[in-house]
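Everything below concerns the one structure shown next.
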Amino acid sequence: MLRIPSLANAPSKTILQRKPSTMSDSLLTRRDFVRVAGSGAALAAIGQNCLAAERDNEPIEDPLFRFVQWNDVHIDETQPSSYRLANEKMKYLVNWINKTERQSRPDFVIGVGDMIHGGAPASLGPDIRLQKSLLADLEIPFHPVIGNHENVQQEGNASYEAPFREAFGEDRTNYTLKHKGLLFVLLNNSGAPSSNSRDVGRRRNEWFRSVLDGSDDLPKIVCCHIPLVPLRDEAVLKKSFGFISYAAQDDQLLRLVDQHAKSIVAVLSGHLHLTGVVTRNGVHHVSISGTASYPCDFASYDVYSDRIRFRVHSLPQQLSTPDTNIHGRPRHAVDYTDATHPTHESYIKGNPSERDAEWRCLVGHHRPAN
């Protein structure tokens, strides 16, 4: 068995941006997918090529492990589903994992919230049962983060969260996962921002504080459904997203992340239905669009002893649903952009550096704030 070195005793994190992925180092392009789809080999080809190879003329180095982020899948027991093809997209994601060559397969998936559509208390049980049935074929572990659609924004409410807890366990709302030297902190901030000032928000943040205070020697990735920072120009994002939860607006929680920035590599989130990365005090705040609505993204992370390779992947053309975009027409009269995302496509998909990057994750020395 490969001996896994620890990530814990290394120098500080820095960021190294990479060029967008090419055929040689990640997924097939959409055009290449269409070219091979008729042969029936597309799904297997994507799974086998998505994570295995490195850039041309570079030595191949196996990561310590890989993991995948899914979120905002919006599995829906009703037919037709509220987001077109939502359930079919979930089946694709499971097959994408299972078709990957076993030696290149991720160790686990983190579902960063809104894996079901929910929408009303009566829908929670049926949608979560369907989710469990669709995940039954997944050949690697699945670790859930609760989102606002799993409990209808009722963070900490036992009756609203009962279907989720019954499906995944009573201890799966605020919990940690340590894997090969990296600590994952999975937070329930599904009621933010309204829950921030309530007892449930204060208890959550006190628990988070205790985890951080007790693990400064470990590099960490925090996972929570609602982003802690705005992922676009704040004034524009308020309009394009249209809900007060465009960011958690939790000053206490964000202050804790800032205070422990030397040991936190990234904060992974979803909720916005767009893809982007903002770096604050050296911590990479990542939001992935999810698959239910366009641009239909998920992400993979290759963890090495000195860095993490982050890549965003989009669903194949036959599962891409541009009509489900919530940040432009037809939901709005305009297709939104901002100063750093001058086209609507870059606004919803992120710039190349927000879709493919390497993050140095060596922990132990002070890093100056950006």
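Of all DSSP beta bridges in the stretch 177-249, what percent run antiparallel (nearest 5)? Please report the intermediate quantities before stating the final value.
On the way: 3 of 8 bridges.
About 40 percent, rounded to the nearest 5.
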Legend entry - Order of 115, 90 - criterion: other Cβ atoms within 10 Å of each residue's Cβ, fewest first: 90, 115
Legend entry - Mean separation of Cα contacts under 8 Å (6+ apart) over length of the stretch 219-289, as relative contact order %: 39
Legend entry - Alpha-carbon Debye profile of the stretch 237-370, log10 I(q)/I(0) at 0.11, 0.13, 0.21 Å⁻¹: -0.44, -0.60, -1.30
Inset, instruction - Search the structure for amide H atoms under 5 Å from the amide H of residue 275, placed 1.01 Å from N in the peptide plane, and list their residues when 5 or more places away or on another chain. - result: 289, 349, 350
Inset, instruction - Taking the Cα atoms of the stretch 119-181, report the difference between the largest and smallest coordinate on each principal axis, in whole Å and largest first. - result: 38, 26, 16
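Mean projection of the alpha-carbon convex hull of the stretch 117-228 over all orientations, in nm²? Mind dumping the intermediate values first?
On the way: hull surface 30.0 nm².
Projected area, direction-averaged: 7.5 nm².
We did not get these values from a lab; they are worked out from the coordinates using the rules stated. Note that the structure is a prediction, hence the values are computed from the model and not measured. Glycine gets a Cβ as well: all are built from the backbone with ideal geometry, and neighbour counts include every protein chain shown.
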